[in-house]
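Every read-out reported here was derived from the displayed coordinates using simple, explicitly stated rules and does not represent laboratory data. This is a predicted model, so every value here is computed, not measured. Backbone-built Cβ (ideal geometry, glycine too); neighbour counts: all protein chains shown.
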Amino acid sequence: MKANGFIGGIAAALALAGCASSAGSGSGAPPAQALLFPLRDVRLLEGPLKAAQDLNTRTLLAYDVDRLLAPYLKEAGLEAKAPSFPAWAGLDGHVGGHYLSALALTGAATGDERIKARMDYMIAELRRCHDKNGSGYVGGVPNGAALWDEMRRGSIAGLGKYWVPWYNLHKMYAGLRDAYVYAGSEDAKRLFLDFCDWGLRIIRGLDAAAMEAMLDTEFGGMNEVYADAYALSGDKKYLAAAKRFSHNTLFLSMAGRSDNLDNLHANTQVPKAVGYARVAALTQERAFGRAAAFFWDTVVKNRTLALGGNGRSEYFRPMGKDYAEDVQGPETCATYNMMKLTEALFCMSPDAAYADYYERAMYNHILSSQNPVTGGYVYFTPARPAHYRVYSEVNEAMWCCVGTGMENHGRYGAFIYAHTQDALYVNLYAASELHWAEKGLRLRQETAFPDEEQSTIRIQVDSPVRFTLLIRRPWWSSRQAVTLNNDDENYAAGAKMSSYIAIDRVWQDGDTVRVSLPMGMTVEVMPKAEQYAAIMRGPILMAARIPTEDGLDFFADDGRWAHIPGGRKLPPGSAPALAGRREEILEKLQHLPAVDGAPLRYRLTALVSGGHAGLVLEPFFRIHESRYMMYWPMQGSPPGQ
């Protein structure tokens, strides 16, 4: 494998996706396991996802890479070329690892040579740090040497003096791994495995009790990266380390299908479950598979809001009306990790329910977390009526959600398609092109989804080839139609909601599949708080802008708490409310003409509070730099009555 060029570490990428392949039966039934395509094989076409990806590419190139590298040089005793960023200085080093991952992902997704050059520069500088350290260490934890020496001697007494050091290190572990998996950098692979060996020496002296106590702090996805090291090398010492990092407090509960998540920090727990899925995919150990799947089930079904996000003030607080009162709503990092978990679970068991959740989270939370002009990233998305969000700016505000935000918009092509040897899944409706080299196939999906209710799939093959095309029947489209080459037969007839529609045939060059996707309006109540409801159009969260006073600052500075939208809270009674039953609310929506090419606009006429006449519903991902209504107070009967 070449060290240069975004050619992908293909075999490694498939393994690290938590996916394994098995031959299809040829019967049209979904096979047991699936693989995601390498990012380099999927290209986005014009639409909201590509616009976000392109903007993010420009944003990444605007960051000062020497400032991101400064923590690593300092810890290696080398002279930094630029000062470190002042924001979140105690966690200095964590964003640099995310940034390396973002370069690898974005380079694979776009082929942009400027991104490749930036990534190569980072790896060369990290190599200097590695060589100077002489131990395999490539971390940027401020003044971390004393802590690591103490741990090596079997003590974690000083752990509380540092800001989540293993979480910090995990970001560079993941960055180096991604630079190999997505960009084919052999240098990054060597640095990654050396770094893993360093970590083995650090934890070797910790007994079981000390290890478990250490894991009571946030440690990112350390079990995930050690499982990945095993996948890359075949060396079982890394698998043993992945299991040591599993944290029994959560693992045993999840494996036993017991929900102990109340009041636990959300984004501390989700990466653990990603690691469980990695181990399960590599070893087929049922306990790890149960733990990952049960975690996903209880979070998605019991702890997730309409936009696909979870958590309040970063924690899995018990669901209820408090979610509509707090300004610290779902954290973008937690959804980023839930989507990674979803990918891994889908590959082990391709279920349309995973794609249904992924679609909701991607369009409503992740896409909405990028400022469409500045490229800045969002930390908290409040569900509080008539509140707002704040954005980071380039080279300011080094939050965790800046790090995951750098990655998010390069990942849009990861889950659109998946495959087995004899089947191809269309998971998401998104304008894109797929190259399936093993089949001599190019697939082009033409759609303006979610602004239109249809998608056209065009097949180009070098020679006729047989496989099963599996098209998702989403939970939200009861009248979906799927036709082939303008024939009258509707392949969706009789298919269950949240399933896959199978077309098993020998495909010819020029074959065309047309998918009709009627999107009805629905009202979703907040879990355990029926006095609040959201309005959905298909999978898309619809929201409304609220007139915003002058002087409200939507852009954060380097302040420690600047990621919190801490401006004036409007009194609860001042927010617009909806009245009537669900059907009455939806019947009173008036479809409005398109504005600037965006047709999804509806006027609300079921408002009862004064001063809010004429509010317009539109996709939440299009609402920025404004107060907004995502969840609406309900007056009178609950919406389901």
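Computed values, structure above
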{"read-out": "Positive-end residue, the chain charge dipole about Cα centroid, Cβ charges, pick of A242, Y532, Y137", "value": "A242"}
{"read-out": "Sparse-neighbourhood loop sites, chymotrypsin sites (Phe, Trp or Tyr not before Pro) in segment 537-618 - DSSP loop, at most 15 other Cβ within 10 angstrom", "value": "W561"}
{"read-out": "Backbone N within segment 38-82 under 17 Å of label point (7 Å from T548 Cα along the Cβ vector)", "value": "none"}
{"read-out": "Over segment 232-358, equivalent-ellipsoid semi-axes from the Cα gyration tensor in Å", "value": "26, 15, 13"}
{"read-out": "Segment 419-516: relative contact order in percent, alpha carbon pairs under 8 Å with at least 6 residues between", "value": "30 percent"}
{"read-out": "Karplus-derived HN-Hα couplings along segment 486-503 (A = 6.51, B = -1.76, C = 1.60, θ = phi - 60°), whole Hz, x at Gly and Pro", "value": "6, 6, 7, 4, 9, 5, 7, 4, x, 6, 6, 5, 6, 8, 10, 9, 9, 10"}
{"read-out": "Percent of Cα pairs exceeding the 19 Å cut-off, where the set is segment 305-462", "value": "60 percent"}
{"read-out": "Segment 386-447 shape via C-alpha gyration tensor axes, a/c threshold 1.5", "value": "prolate"}
{"read-out": "Prolate/oblate/rounded label for segment 500-587 (Cα gyration tensor, a/c 1.5)", "value": "oblate"}
{"read-out": "Segment 337-412: Cα Rg divided by the 2.2 N^0.38 Å rule of thumb", "value": "1.23"}
{"read-out": "Zero-based 5 Å bins, Cα pair distances in segment 419-516, whole percents", "value": "3, 13, 26, 27, 20, 9, 3, 0"}
{"read-out": "Separation of alpha-carbon centers, segment 165-237 and segment 389-452, rounded to whole Å", "value": "26 Å"}
{"read-out": "Two-decimal ratio, segment 208-283, of alpha-carbon radius of gyration to 2.2 N^0.38 Å", "value": "1.06"}
{"read-out": "Loop GluC sites (Glu not before Pro), segment 440-513 (other Cβ atoms within 10 Å of the site Cβ: 13 or fewer; DSSP)", "value": "E452, E489"}
{"read-out": "Percent antiparallel among DSSP beta bridges (both partners in segment 419-516, rounded to 5)", "value": "90 percent"}
{"read-out": "FRET efficiency, 1/(1 + (r/R0)^6) with R0 56 Å, evaluated for R458 and I564 via beta carbons", "value": "0.75"}
{"read-out": "The chain: relative contact order in percent, alpha carbon pairs under 8 Å with at least 6 residues between", "value": "15 percent"}
{"read-out": "Dimensionless Rg ratio for segment 521-635, taking C-alpha atoms and the 2.2 N^0.38 Å reference", "value": "1.13"}
{"read-out": "Debye-sum result for the chain in log10 I(q)/I(0), which assumes one identical scatterer on each alpha carbon, at q = 0.09, 0.11 Å⁻¹", "value": "-0.72, -1.10"}
{"read-out": "When each of K272/K340; K74/K116; K81/K132 is checked by Cα-Cα distance, pairs over 19 Å", "value": "K74/K116"}
{"read-out": "Nitroxide proxy distance, nm - points 7 Å out along Cα→Cβ at A613 and R127", "value": "7.0 nm"}
{"read-out": "Stretchable slack from S233 to A80, in nm (0.36 nm times residue separation minus alpha-carbon distance)", "value": "51.8 nm"}
{"read-out": "Highest average packing first - 46-55, 333-342, Cβ atoms within 10 Å", "value": "333-342, 46-55"}
